[in-house]
Amino acid sequence: MGFWGELWGLFAVAFLSATLLPGGSEIAFVALAVQGDVALELLVMAATLGNSLGGMSTWLIGRVLAPEQLRSAKIERALGRIRRFGAPLLLAAWVPFVGDPLCLAAGWTRVGWMPALIYITLGKALRYCVLAFIV
């Protein structure tokens, strides 16, 4: 696929994995890391950027859509947690099955875009750094 194709592919997989769509960016990240054609630092940056922007797109959906359109038990739990702990809870935006509702709830409860971006990016970057260290 080539150097740039691998980075763009990882970015795209990471972006889509962080939206409300199902996906597994960790598998793509580890596969590329094991392959060894691209420096780990670049893989961490591409995956973090894609995953963070995907999380922010979910935050934006929560910000724009009316609450009645999004009601579910999972979203209600996320709303309660965001109201209780605020933006720092978005450090957990990388956690499967939990992160997407947290990002959505953060937008819904009007967590500012800058704190949301900072905490989402930090959490997601730490996850990819740990994966890079393990590989």
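Condition check ((1) closer than 17 Å to Pro22 by Cβ; (2) not in a loop (DSSP other than H, G, I, E, B)) across all residues:
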residue: Lys74; (1), (2): yes, yes
residue: Arg83; (1), (2): no, yes
residue: Leu89; (1), (2): no, yes
residue: Trp94; (1), (2): yes, no
residue: Leu102; (1), (2): yes, yes
residue: Arg110; (1), (2): no, no
residue: Met114; (1), (2): no, yes
residue: Leu117; (1), (2): no, yes
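Give all pairs with beta carbons closer than 8 Å in which a residue from the stretch 30-48 that is buried (at least 17 other Cβ atoms within 10 Å of the Cβ) meets a residue that is hydroxyl-bearing (Ser, Thr, Tyr); count only pairs at least 6 apart in sequence or on separate chains. If the second residue must be hydroxyl-bearing (Ser, Thr, Tyr), the pairs left are Leu43/Tyr128; Val44/Tyr128; Ala47/Ser25; Ala47/Tyr128; Thr48/Thr121; Thr48/Tyr128. So which residues in the stretch 49-72 are polar (S, T, N, Q) and either outside any helix (DSSP H, G or I) or free of Cβ contacts under 8 Å to residues at least 12 places away in the same chain (or both)? Within the stretch 49-72, Gln69, Ser72 meet the criteria.
Hey, among Ala106, Ala132, which residue is modelled with pLDDT of 90 or more, assigned to a helix (DSSP H, G or I) and closer than 20 Å to Ala12 by Cα?
Details: Ala106 fails: closer than 20 Å to Ala12 by Cα.
Every option except Ala132 fails the conditions.
Within the stretch 1-23, the residues that satisfy the criterion of being out of contact with any helix residue (DSSP H, G or I) (no Cβ under 6 Å at 6 or more places or on another chain) and closer than 29 Å to Pro115 by Cβ are Trp8, Ala12, Leu16, Leu21, Pro22. Here Ala106, Ala87, Ala92, Ala132 are screened, and the one residue that is surrounded by 13 or more Cβ atoms within 10 Å (Cβ to Cβ) and either among the hydroxyl-bearing types (Ser, Thr, Tyr) or in contact (Cβ under 8 Å) with a residue 60 or more places away in the chain (or both) is Ala132.
The values are calculated or read from the model by the stated rules, or taken from the named source; none is laboratory data. Computed from a predicted structure; not experimentally measured. Virtual Cβ from ideal backbone geometry, glycine too; neighbours counted across all protein chains shown.
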